[in-house]
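To start, the structure itself, in structure tokens.
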Amino acid sequence: MSPIDAEAPGAGFELREDDLSGAQVRALLNYHLCQMQANSPAGSVFALDLSGLQAPGITVWSAWSGEQLVAVGALRQWGDGSGELKSMRTHPDHLRRGAAAAVLEHIIGVARGRGLRRLSLETGSGEAFEPALALYRRRGFINGDAFGDYTGSAFNQFLHLSLE
């Protein structure tokens, strides 16, 4: 993992491109995958597990406060000039402290730097997802249609951000 000179104003987190080999990163991804399955009906969770996040075309970043992992997020780049925000996860001890915002801002900046025109995401619906939805909407994401291989249901939704 190599440090990246990128911080959200006032956040104080070190962002690193991550190879997913660290125990803290693996534990956080597993924890959130289990939480998503607990908060969503069977068959409606589209979150990537560790092997899915290691697929070609996906870049993962982790946010650290000293030696403590606070958040992760990933970008899947599609060949059509769009990208997908994947696996935004915050350590439960660091919720609402700016870690997710720092990761999100970094990924949006990378997507723009790569010349992407749109960034999309699929997420759950319901009360458990409201804090994340509020973060995305504050950043300019708007509700929209399904994309890629996703199908819509009462348990998920799609948000998009124009980068043009």
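Structure values in brief
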{"item": "First in the stretch 95-120 and closer than 18 Å to Arg16 by Cβ, second anywhere and part of a helix (DSSP H, G or I), Cβ under 6 Å, 6 or more apart", "result": "Ala100/Leu135"}
{"item": "The stretch 51-62 residues that are touching a residue at least 60 places away in the same chain (Cβ under 8 Å), paired with ones that are surrounded by 13 or more Cβ atoms within 10 Å (Cβ to Cβ) and in a strand (DSSP E or B) (beta carbon under 8 Å, 6 or more apart)", "result": "Ser62/Leu15; Ser62/Arg16; Ser62/Asp18; Ser62/Leu69; Ser62/Ala71; Ser62/Val72"}
{"item": "Set Ala146, Ala100: member being closer than 17 Å to Glu14 by Cα and of a type in the set (Gly, Ala, Ser)", "result": "Ala100"}
{"item": "Answer residue from the stretch 147-162, given it is within 17 Å of the chain's Cα centre (by Cα) and farther than 15 Å from Lys86 by Cβ and is surrounded by the most Cβ atoms within 10 Å (Cβ to Cβ) among those", "result": "Gln157"}
{"item": "Lone unmet requirement of (1) loosely packed, with under 14 Cβ neighbours inside 10 Å; (2) of a type in the set (Val, Ile, Thr); (3) within 23 Å of Gly22 (Cα to Cα) for Val70", "result": "(1)"}
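To keep it simple, each residue is scored yes or no on (1) surrounded by fewer than 21 Cβ atoms within 10 Å (Cβ to Cβ); (2) among the charged types (D, E, K, R).
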| residue | (1), (2) |
| --- | --- |
| Ser65 | yes, no |
| Gly83 | no, no |
| Asp93 | yes, yes |
| Arg97 | yes, yes |
| Ala100 | no, no |
| Val103 | no, no |
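Taken together, the values in this text are just the output of simple stated rules run on the coordinates, not laboratory data. These numbers come from a predicted model, not from an experiment. Quick reminder, even Gly has a Cβ in these numbers, built from the backbone with ideal geometry, and neighbours come from all protein chains shown.
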